[in-house]
1. Send over the semi-axes of the stretch 35-109's equivalent ellipsoid, whole angstrom and largest first, taken as the square roots of 5 times the C-alpha gyration tensor eigenvalues.
2. Filter the trypsin sites (Lys or Arg not before Pro) in the stretch 48-123 down to the DSSP loop ones having no more than 16 other Cβ atoms within 10 Å, then list what survives.
3. Rounded to the nearest whole Å², what accessible area per residue is found for the chain with the 1.4 Å probe?
4. Output the 0 to 90 degree angle, nearest 10, between the alpha-carbon long axis of helix 109-119 and the longest principal axis computed from the alpha carbons of the chain.
5. Counting only protein heavy atoms and a 1.4 Å probe, tell me what percentage of the chain's accessible area is made up of carbon and sulfur.
6. For the stretch 1-53 and the stretch 54-123, compute the distance between their C-alpha centroids and round to whole Å.
7. Out of the GluC sites (Glu not before Pro) in the stretch 35-114, which ones are loop residues according to DSSP with at most 14 other C-beta atoms within 10 Å?
8. Would you work out the relative contact order for the chain, in percent, from Cα pairs under 8 angstrom that are 6 or more residues apart?
Amino acid sequence: MESSARVDAWLWAVRVYKTRSAATTACRAGHVRVNGDRAKAAQPVRPGDELRVRISGFDRILVVRQPISKRVGAVQAAAALDDQTPPPPPRELTAFVPIRDRGAGRPTKRERRDIDRLRGREE
């Protein structure tokens, strides 16, 4: 059994990222923190370390139970981490953000007024 593993290999092995290179890229971009500090890809993680991983705008809080660096089965991967991420807020409490279709061009004057009305910027 290993006493430590690289943070990028561990994130890949427990299926937080699909590829190890994606985990390495996230570390380089500053999306991974180990015990509150920005982590480089080769930083070792040990049991008890807390990782904060930013994925699609939200932080996942993971605690290392077992350092693994090879891809293992889903049951072993789930046993290697303790997910302490709080549940997302209910949909009723989150603000609705209107989404325009990609390539739809600039909003028309009417659409811009509707957007301003939604955002509460009416005059």
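The values are calculated or read from the model by the stated rules, or taken from the named source; none is laboratory data. Note that the structure is predicted; figures quoted are calculated from it, not measured. Methodologically, a virtual Cβ is constructed for each residue, glycine included, from the backbone with ideal geometry; neighbour enumeration extends over all protein chains shown. Ligands, DNA and RNA are excluded from the accessible area calculation, which covers all protein heavy atoms including side chains. Shrake-Rupley method; radii C 1.70, N 1.55, O 1.52, S 1.80 Å.
1. Numbers: eigenvalues 259, 51, 38 Å².
Each semi-axis is the square root of five times an eigenvalue, giving 36, 16, 14 Å.
2. Details: sites: R52, R54, R60, R65, K70, R71, R91, R100, R102, K109, R110, R112, R113, R117, R119, R121; in loops: R65, K70, R71, R91, R100, R102, R121.
Here the trypsin sites (Lys or Arg not before Pro) that fit, given the DSSP loop and packing criteria, are R65, K70, R71, R91, R100, R102, R121.
3. Values: 9120 Å² over 123 residues.
Per residue, the chain has an accessible area of 74 Å².
4. 60 degrees
5. Values: 4630 of 9120 Å².
So the carbon and sulfur contribution to the accessible surface is 51 percent.
6. Comparing the Cα centres of the stretch 1-53 and the stretch 54-123, I get a distance of 21 Å.
7. Numbers: sites: E50, E92, E111; in loops: E92.
When the GluC sites (Glu not before Pro) of the stretch 35-114 are filtered for loop state and at most 14 Cβ neighbours within 10 Å, E92 remain.
8. Values: 173 pairs, mean separation 26.9, N = 123.
Across the chain, relative contact order equals 22 percent.
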